[in-house]
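The values are calculated or read from the model by the stated rules, or taken from the named source; none is laboratory data. This is a predicted model, so every value here is computed, not measured. As a convention, Cβ positions derive from the backbone with ideal geometry for all residues, glycine included, and neighbour counts pool all protein chains shown.
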Amino acid sequence: MGRALPRPWDTQRHRKLEDGGQATAKRKVVAFAITLTSLSDDEEGAAYIDAIEVLRKSIDLSCAHSDYQCKFVALLDPEVPVQRRSLLTAHGWRVLERGLPLDLDTIKTDLRERLKTTTAGCCGAKELIKLWAFTLTEYHSADSNNRVIHVDIDAMVLQPLDEWIAKDVDLVYTEDAPMASNKHNMPVQGGFLLLRPSLEIFQTLVEIVRKGDFTGDGWNKSGIGWFWGGDTIQGLLAYYYRAVKPERAFIADPCVVNNMLIDDCRTRDPLETYSYHFTLCQKPWKCLGEPPDYCQYAWKKWFEIRDAAIAGLQLEPMEACVDGHYRPFLTHSN
């Protein structure tokens, strides 16, 4: 008989709350940020609203055992419907409307038209909206390790990320091996960006895009950028933190943080994982049937945290997948 697996918020590596009580006052803050470029007013949009709530619940459960107080920020494209914004606000997110960080017409090279038509990354040029996370300087001060952690909404946090927050760098990220053109030219995986907010860094990155030096030799002839999403956030950050400021970044183990369950991670102990990112494993709320063996643990934890989110909202228990269709609990309850 195999050993019993702990609940996702149980860990031997971080202190725990005693007797279910509240932690002592936490002076340090970490802000978890997400970006929404669209959110339809239909069943698919309702499922993604639930995914955001499950993500928030997973962060809450993990942060109960962290040295940091966790805040929640949603960067929303102006096209996201108003009714979706109010639902996010009601569930603890600070909502900020943010469009592209620059007018694409100010780019004076071929990159202008490339960004207007690209579909690379999750959302084409709108991936650049994530850069606004660098402007959240209210969550950082010179005498603190406070950080912003930008994650995609198809993510789940299972353990506190204090170890990486404490790194004295400007960016902690993982590489995106499945999207790499070769192992020597790895993209930044845009689903997990643990960053030190800085207006200077934000402005520098925006100006690199505005300059538009992206050719067959990559960004500024660095050879970095010819891969999926290379002309947006995945390539821009890879260029800046590998060719310009390599000493200011730390590359985390992708089997531990932002775990997408790439081949190298599928035989690792799942208890090593601090956060998952549902890419190769698909989204649990798609209700696509039985997942591959290597995805089962992550899916199981997502549905457990969904149940915890429903219970925390004092809603009636609700089965997630019925006849291959997802049943949303947040919009169902409103």
Of (1) of a type outside the set (Gly, Ala, Ser); (2) surrounded by 15 or more Cβ atoms within 10 Å (Cβ to Cβ); (3) at pLDDT 90 or above, Glu97 satisfies every one except (2)
Report the residue count in the stretch 100-144 for those that are at pLDDT below 90 and surrounded by 13 or more Cβ atoms within 10 Å (Cβ to Cβ). 7
Selection status of Cys287, under 18 Å from Val188 (Cα atoms), surrounded by 15 or more Cβ atoms within 10 Å (Cβ to Cβ) and either β-branched (Val, Ile, Thr) or touching a strand residue (DSSP E or B) at 6+ places or on another chain (Cβ under 7 Å) (or both): no
Give me the strands (runs of 3 or more DSSP E) completely within the stretch 45-152, filtered to those with at least 3 residues that are touching a residue at least 40 places away in the same chain (Cβ under 8 Å) and within 27 Å of Pro187 (Cα to Cα), ordered by residue number. 69-76, 147-151
Inspect the stretch 154-175 for any residue being part of a loop (DSSP other than H, G, I, E, B), out of contact with any Pro (no Cβ under 8 Å at 6 or more places or on another chain) and within 19 Å of Leu75 (Cα to Cα) and give the result as yes or no. yes
Kindly provide the set of residues from the stretch 29-44 that are more than 14 Å from Leu76 (Cα to Cα), part of a loop (DSSP other than H, G, I, E, B) and either free of Cβ contacts under 8 Å to residues at least 24 places away in the same chain or not charged (D, E, K, R) (or both), ordered by number. Asp42
Pairs please, first residue from the stretch 226-239 and part of a helix (DSSP H, G or I), second anywhere and of a type in the set (Gly, Ala, Ser) and crowded, with 24+ Cβ neighbours inside 10 Å, Cβ atoms under 7 Å, 6+ apart in sequence or on different chains. Ile233/Gly190; Gln234/Gly190; Gly235/Gly225; Gly235/Gly229; Tyr239/Gly225
